[in-house]
Amino acid sequence: MARTMVQDSLELREPHLSGWEQGRSNAGITSYFDNEGNVRDFDKIQKSILSVLIGVGMVPSLPKLVQAGPPQVLSVILDGRVVGSMASGIVEKAVTHLRKLKLSASSVIPDDLEVGYVPLSMGGPYPGLYMFTSPSRFIRPVKNLTPPDGKGNDIELIGPFEQVYMEISCPDGRDGGRKSKFPATHEEIHPTGILSVVANLTPWSDHNQSPRNMYQCQMAKQTMGFSAQALHCRADQKLYHLQTPQTPIVRTSTYEKYSVDEFPLGTNAIVAVLAYTGYDMEDAMILNKSSVDRGLCHGYIYQTETIDLAEQSSKSDQALRTFQRGKLDTSLKSLIDSDGLPYVGQMIKPYEPYCSIHNTQTNKVTTSTLKGTEPVTVDYVALDVKNKEHPQKVNIRFRRPRNPVIGDKFSSRHGQKGVCSQLWSDIDMPFSGTTGMRPDLIINPHAFPSRMTIAMLLESIAAKGGCLNGKFVDATPFPSSVKKTNVEQESDSSLVDELGSMLTARGFNYYGVEVLYSGVYGTELKCEIFIGPVYYQRLRHMVSDKYQVRSTGVVDPLTRQPVKGRKQGGGIRFGEMERDSLLAHGAAYALHDRLHTSSDHHIADVCSLCGSILTTSLIQPQKRAVREIGGLPPGRAPKKVICVACRTSKGMETVAMPYVFRYLAAELAAMNIKVNLQLSDGAGA
């Protein structure tokens, strides 16, 4: 049974070392099973470890427990149980011996044994030798610098407990301040082991400021990428899809290792760093309209609507409701097929029906209408055929085209995010004097000094060189720290020198700048412009999903003020801080317009004798025969309002006020608190 379970679930297998031996640094979790899928015998493992420990000088706790303790003798704990004690002078030799046995292929010691040696210290953790063999522990590979006999496997698996007390060097960190007193016993396989999978996709991230790399890790999950190969078989609630993705010219080794080309994330855009027209201020960017028309960053949103008749009706009513178009109503024929479902490829506009449900008992037909403000195309219709005669469930997938518009968000792989501020015509974009190329995208040079995303500049130079040579450029972080060259033979050439020489060999400027000409005036720009291909991502934050505008619409029945929420067609709250801002500017009339006229403007009848707004009553005048004058509307009798408390219509005045004030007076009256208004002329107030 256990072996079958292992074969069915690959996640249960213990990570194999072959990948780590090739320099891949992946973490893993210990398992109940070995590499061959057999259940591990933990009793046998513990006995073999005990025999090795006794061989190196451990005194077993059975049959007699040694009474001595630190600092002369240290306890030995295996999987939370004290199994013996060992003299403090031989513990380090025992640890070294255990680590050598872990690396040997024919050893009885498991390769995932965690050997945590806590040394003696002043006020530190309790010293001892702590070992763990249990499953479900995190382990990760490091390189052991002292393998047995100087050959064989040098990749050792360590756990989180023991690594705190180990001396592990990093190729990028030199000696780490150890000097010669504490020589490193282990070494990281590659400096990129500190980075996640997403962080490893950023080219030359070691040249960026760390917050920018973290921004990119967030935005890589928000890209409008190529998220699935089998789109025609999927019914996701909401799925963003980039129609014209490309493979990046500059990529890391992780990109190829995980085959991210199967699910590309963006497009190679020609980016010019230039202050042009002023529409690129504050991280905004100008897109070439002709590039967008040709397909740059075109995308779709796939949205699935599920209609389940079983959930909408009771059990007794289930068989009576079916998907069917009404036979008498022919107006739906152009939108809905005879089976009550939409035609595939049909365009449906807002508030048009796309599904028809027929009740065979009442002969009543109900339709589902499209919500929202934009038209959609029916991409896919799938029936749940559990009930073949009368299907009760259907998935209808809509496709919304989303081409780049002003306000959509874009980002490079270096945390340089921004919104499209203008779709500039191709003839007005600047063009290169040597190649005649026009940029697809223009960003402001002020995006670089404070953010220090130097890797984006390196990517532009490298991508230009890669295009000229027809080769992909490896941009794995920390390249200089892992080069196996002698110190004497090292040259002073830097990464910029390598990339710059690629450009000069093809006749381009060493630093990636070119002479550009204004697309409007045709004159040469005064300074050379940095221009080159950069891999840009289109993010799923689009202005079409976020804009909120309202003139009139739904109001709250209680306060008569506009409701909130974009879906309800509500307004944006003008709060206290906005009110304070207008007060500070002295814009009293604008404040009155926002808080009163455009909100809950109300004309109330107020009794000037008793000051009440709640005791007024409207008297309906008796209808009299009024002679109609030809061409004019009939005359209207004057409105008569009396105060119920004063029992007179004298002193009644109309006052404009927010309706919520009247509601407040009614709430206070419910608590036996009367609100009196003192009326006066506007001039004498």
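Criterion first (more than 21 Å from Leu332 (Cα to Cα) and touching a Lys or Arg at 6+ places or on another chain (Cβ under 6 Å)) does Val385 satisfy it? Here the answer is no, as Val385 does not meet what is asked. Checking each residue in region 237-250 for being touching a Gly at 6+ places or on another chain (Cβ under 6 Å) and surrounded by fewer than 17 Cβ atoms within 10 Å (Cβ to Cβ) picks out Gln243, Thr244.
Scanning region 210-233 for residues that are surrounded by 13 or more Cβ atoms within 10 Å (Cβ to Cβ) and in contact with a strand residue (DSSP E or B) (Cβ under 8 Å, 6 or more places away or on another chain) turns up Tyr215, Gln216, Met219, Ala220, Gln222, Thr223, Met224, Gly225, Phe226, Ser227, Ala228, Leu231. Counting only strands (runs of 3 or more DSSP E) that fall entirely inside region 251-369 and contain at least 1 residues that are surrounded by fewer than 16 Cβ atoms within 10 Å (Cβ to Cβ) and among the basic types (Lys, Arg), the qualifying elements are 364-369. Scanning region 406-439 for residues that are farther than 30 Å from Asp206 by Cα and touching a Cys at 6+ places or on another chain (Cβ under 7 Å) yields Ile406, Gly407.
Would a scan of region 17-27 turn up a residue that is at pLDDT 90 or above, of a type in the set (Asp, Glu), farther than 21 Å from Glu167 by Cβ and assigned by TED's automatic domain parsing to the domain that holds Ile155? Among the residues of region 17-27, not one is at pLDDT 90 or above, of a type in the set (Asp, Glu), farther than 21 Å from Glu167 by Cβ and assigned by TED's automatic domain parsing to the domain that holds Ile155, which makes the answer no. Restricting attention to region 187-201, does a residue exist that is over 21 Å from Arg137 (Cα atoms), of a type in the set (Val, Ile, Thr), in contact with a Ser or Thr (Cβ under 9 Å, 6 or more places away or on another chain) and surrounded by 18 or more Cβ atoms within 10 Å (Cβ to Cβ)? Within region 187-201, one or more residues are over 21 Å from Arg137 (Cα atoms), of a type in the set (Val, Ile, Thr), in contact with a Ser or Thr (Cβ under 9 Å, 6 or more places away or on another chain) and surrounded by 18 or more Cβ atoms within 10 Å (Cβ to Cβ). For region 363-419, residues that are polar (S, T, N, Q) and more than 30 Å from Gln218 (Cβ to Cβ) total 9.
Being within 60 Å of the chain's Cα centre (by Cα) and at pLDDT 85 or above holds for only one residue in Ala683, Ala666, and it is Ala666. The set of residues in region 211-250 being more than 13 Å from Tyr535 (Cβ to Cβ) and assigned to a helix (DSSP H, G or I) consists of Pro211, Arg212, Asn213, Met214, Tyr215, Cys217, Gln218, Lys221, Gln222, Leu231, His232, Cys233. Filtering Arg594, Arg538, Arg579 for residues that are closer than 30 Å to Met219 by Cα, of a type outside the set (A, V, I, L, M, F, W, C) and not in a loop (DSSP other than H, G, I, E, B) leaves a single hit, Arg538. Asp172 passes every criterion in (1) crowded, with 18+ Cβ neighbours inside 10 Å; (2) in the same structural domain as Asn26 (by TED's automatic domain parsing); (3) touching a helix residue (DSSP H, G or I) at 6+ places or on another chain (Cβ under 7 Å) apart from (1). For the condition under 30 Å from Tyr535 (Cα atoms) and either aliphatic (A, V, I, L, M) or in contact (Cβ under 8 Å) with a residue 12 or more places away in the chain (or both), Gly299 qualifies.
The values are calculated or read from the model by the stated rules, or taken from the named source; none is laboratory data. On a predicted model such as this, the values are computed, not experimentally measured, just so you know. Note: ideal-geometry Cβ built from the backbone for every residue, glycine included; neighbour counts use all protein chains shown.
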